[in-house]
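As C-alpha cells, the structure follows; a few thoughts come after it.
No value in this document is a laboratory result; all are computed from the given coordinates. Fair warning: this is a prediction, and the values are worked out from it, not measured in the lab. When we count neighbours, we look across all protein chains shown, and the Cβ atoms used for this are built from the backbone with ideal geometry, even at glycine.
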Amino acid sequence: MTDRPIHELTEAYRSGATTPSAVTEAYLARIEALDGKLGAYLTVTGEGARAAAATTRPSPPRIRSRFVAF
C-alpha cells in the first residue's frame with residue numbers, strides 16, 4: 001500500500017478497497033521498519049496519525065463543469 005500513488009489511494013478509499021486507517025498503519029509500520037537505518041524522522045506521532053485517520057472520510061468525486069465562464 002505504501003508504494004501506491006495518491007490518486008490510486010483516493011480511488012481505493014472511495015471504492016472501499018482500503019481505509020485511511022489501514023494506510024496509516026501501513027505507513028507507520030514502514031517507518032518503524034526503516035527509520036532505524038535511515039534516521040529520517042525526529043518524531044513520529046503514531047497515535048495522532050491514527051486518530052486523524054479514524055475520523056477521515058473519503059470525499060465524493062468532484063464534478064467538473066464543461067462550461068467556461070467568459
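With a cut-off of 12 Å between beta carbons, the residues surrounding L38 carry a summed charge of 0, where Lys and Arg count +1 and Asp and Glu -1.
For the stretch 9-58, the list of chymotrypsin sites (Phe, Trp or Tyr not before Pro) that fall in a loop by DSSP and count at most 14 other C-beta atoms within 10 angstrom reads Y41.
Take the Cα of S15, step 7 Å toward its Cβ, do the same at L42, and the gap between the two points is 4.0 nm.
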